[in-house]
Amino acid sequence: MAALRRLTLGPATALLRAQPAGAGAGAAAGRRWVRALRRSPVRVLPPRKEQRAAAPAGREPAEPKGARPGPAPEKSPAGQGPRYEKAEPGDRRLGKVVTIAKSKKFRDQHGKILLEGQRLIKDALDAGAVPQTLFFSTVGHLKELPEEKLKKTTLVKVKFDDIKNWSDLIAPQGLIGIFSRPDYAKMTYPAVQLRNSLPLSLICDNVRDPGNLGTILRSAAGAGCSKVLLTKGCVDPWEPKVLRAGMGAHFRLPIIANLEWESIANYLPTDTQVYVADSRDPRTQDKMEDVSGKASSYGWVSRPHNLKAQRGREDLAFDSESEEEEQEGTDEAWFPELDTQSYHENWTRAPAAAVVIGGETQGLSTEALRLAESTGGKRLIIPVVPGVDSLNSAMAASILLFEGKRQLQLREKQESKGQKFPALG
């Protein structure tokens, strides 16, 4: 047995050979000890708390078994372009953001807007708008956008069918973006737009039709207006329908919305004369009483009762049966008396001019007429053939703005030659 104890202290084979021939039982026991020495030792694991404490710093814990890994960022082909993630089946982010971004309440509360299309999104980025999330169907859409302005943007590649399902366009381009609502004071407008800007402003008075407002903004940018002011009651200029009709005008000139009439003058240059658009000439109104009254339904023109009130305000007190009725009638029909002139006559003699276009349903407000009166402005008459429906607000705005541009450019040309600009009318 003493020899067996030495097995643990030396080479096993040498010791076994040194045993007597009759020691068979001892040899068998020695082989069992040898097998025990060849086996790998059992690892002693400390408690879980001690394991976590001893784990190397910076090593992330393994994901739980059965957990669904998140989408891994991908790179554009050939290693170029910004990193993006690929939406997995069942990803509802696109539908969710498109739905809520179309809500005016959401836009006002969270300050986010929805832009769609390559050109509109590029114009927004060039003007300094801040993108938050871009959904695209092909990597080629990203190549047309300035990469340096997408570094902090979440880029998500989705199927074109998903964009098509949520798009309002007949022919979607495969690119939808969620942007922070732009601040006109922080925007960078195109240099060519600033060079061609004129001392001409546009005021929209309760314009509620999205298509009309978008067209008006587009005309204002094309004519070279310095700014557009929107009173309370106008449709949100960042509504998708207005953006589509504007064709990028939102990012070419300042658009200041949701203004009270009391603050309008603060946004106009000093010595600005305010004019209001009209298609009804009070001088010929009596001759048109038997003509269809549909013109007034377009809103930017004055209402028939407004003109009657303008001609006969002195008689209002005698028509009321009581003092209360007299006061109510006066508040409703008391409109400032303005001179009228044809739209093609010179109305840009002042250092700056502003034109007010009324809404489609309410027409010119009392505040608009009072502002025009206080600045020495007039009614600009756009005559139409009797019996023909009036122009809508977008067409009227285009006519007046481009006529104003013509007059201002003519004045600049004549002043450069030392001539005096003729004062017509």
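The values are calculated or read from the model by the stated rules, or taken from the named source; none is laboratory data. Not measured: the values here are computed from a predicted model. Reconstructed Cβ throughout: ideal geometry from the backbone, glycine too, with neighbour counts over all protein chains shown.
What the table shows:
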| quantity | calculated |
| --- | --- |
| Yes/no for Gln327 being at negative phi and at pLDDT 85 or above | no |
| Selected residue (only one of Gly363, Gly376, Gly359, Gly425 is in the same structural domain as Arg195 (by TED's automatic domain parsing), at pLDDT below 90 and at positive phi) | Gly363 |
| Where a residue in the range 154-173 is under 19 Å from Val139 (Cα atoms) and its partner, wherever it lies, is buried (at least 18 other Cβ atoms within 10 Å of the Cβ) and basic (Lys, Arg), with Cβ under 8 Å and at least six apart | none |
| Filter result for Arg83 (at pLDDT below 90 and surrounded by 13 or more Cβ atoms within 10 Å (Cβ to Cβ)) | no |
| 2 or more residues on the phi < 0 side of the Ramachandran plot, over 18 Å from the mean Cα position of the chain (by Cα) and surrounded by fewer than 16 Cβ atoms within 10 Å (Cβ to Cβ): qualifying helices (runs of 4 or more DSSP H) within the range 147-234 | 160-166, 191-195 |
| The range 100-121, subset in contact with a strand residue (DSSP E or B) (Cβ under 7 Å, 6 or more places away or on another chain) and part of a loop (DSSP other than H, G, I, E, B), residue farthest from Gly246 (Cα to Cα) | Gly111 |
| Checklist (1) without any contact (Cβ under 8 Å) to a residue 40 or more places away in the chain; (2) farther than 25 Å from Tyr84 by Cα applied to Glu144, failing item | (2) |
